[in-house]
Amino acid sequence: GQQVMQIPQYQHVQEGEDFTTYCNSSTTLSNIQWYKQRPGGHPVFLIQLVKSGEVKKQKRLTFQFGEAKKNSSLHITATQTTDVGTYFCAGRPQGAQKLVFGQGTRLTINP
Amino acid sequence: GAGVSQSPSNKVTEKGKDVELRCDPISGHTALYWYRQSLGQGLEFLIYFQGNSAPDKSGLPSDRFSAERTGGSVSTLTIQRTQQEDSAVYLCASSLGTGYPGEQYFGPGTRLTVT
């Protein structure tokens with residue numbers, strides 16, 4: 001079946017260090033979305049990428065969509081304690097209707 | 001109006017009882033999803049409704065689980081003869097549809113505990 005794999009499952013960093021999570025799909029994606037879930041909260045939409053090779057930035061967050069539209073990454077520069085949470089990617093396989101979520105990367109930060 | 005709402009926020013039930021979980025999507029959103037999230041785990045897709053199309057039930061874990069969406073709006077997820085492994089947070093999300101923007105808006109979830 002269609003799968004979206006996300007690594008690492010967990011990441012612990014010191015405040016100020018960078019963080020990256022990677023998302024890989026077994027099939028080509030029409031688009032990919034990223035969500036953040038704070039501890040005890042629900043997932044909140046961050047961004048959507050549609051074009052091959054697309055790069056988008058939101059302050060310290062950089063999102064990339066691979067050229068083959070099968071992988072994506074989220075990079076956070078100089079993490080802050082407010083970045084704590086689980087980051088999910090969610091891809092829409094070409095021809096499919098629904099999103100397929102990755103398992104998420106849980107980020108914890110040592111202040 | 002407001003975002004996606006779900007009720008109840010918490011539900012404790014005895015093993016073997018049936019439960020109904022409700023989701024009110026954002027007005028005008030044609031797509032509605034149900035997910036299950038066990039403690040510290042990812043999102044497990046359960047079912048997807050898109051407009052008047054037949055729902056995608058491919059994620060329902062057993063025939064004890066069912067869902068309906070009345071009038072293209074409110075949805076109810078029913079779990080019959082609950083088991084302890086059904087304990088989880090059940091999240092509902094809605095979106096405008098399958099195309100852009102397509103982002104999903106999640107409700108606060110229903111925490112189900114089966115004793």
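The numbers here are math on the coordinates, done by the rules we state, and not lab data. These figures come from a predicted structure and were not determined experimentally. Neighbour counts are summed over all protein chains in view; Cβ atoms, including those assigned to glycine, are modelled from backbone coordinates with ideal geometry.
Observations on the structure shown:
- Charge sum, other residues only, whose C-beta stays under 13 Å from B:ARG81's C-beta, Lys/Arg counted +1 and Asp/Glu -1: -2
- Charged-residue dipole, Cβ positions (Lys, Arg, Asp, Glu), chain B about Cα centre, Debye nearest 20: 180
- Listed pairs B:LYS15/B:LYS57; A:LYS59/A:LYS98; A:LYS36/B:LYS11; A:LYS36/A:LYS56; A:LYS98/B:LYS11 exceeding 20 Å between Cα atoms: B:LYS15/B:LYS57; A:LYS59/A:LYS98; A:LYS36/B:LYS11; A:LYS98/B:LYS11
- Calculated FRET efficiency for the pair B:GLU20/B:GLU85, C-beta based, R₀ 25 Å, to 0.05: 0.85
- Note: relative contact order over segment B:1-67, using C-alpha pairs below 8 Å and six or more positions apart, is 21 percent.
- Percentage relative contact order, chain A, counting C-alpha pairs under 8 Å, at least six apart: 37
- In segment A:54-103, the trypsin sites (Lys or Arg not before Pro) that fall in loop regions by DSSP, at most 14 other Cβ within 10 Å: A:LYS59, A:ARG60
- Relative contact order, whole percent, for chain B stands at 38, derived from Cα pairs under 8 Å and 6 or more residues apart.
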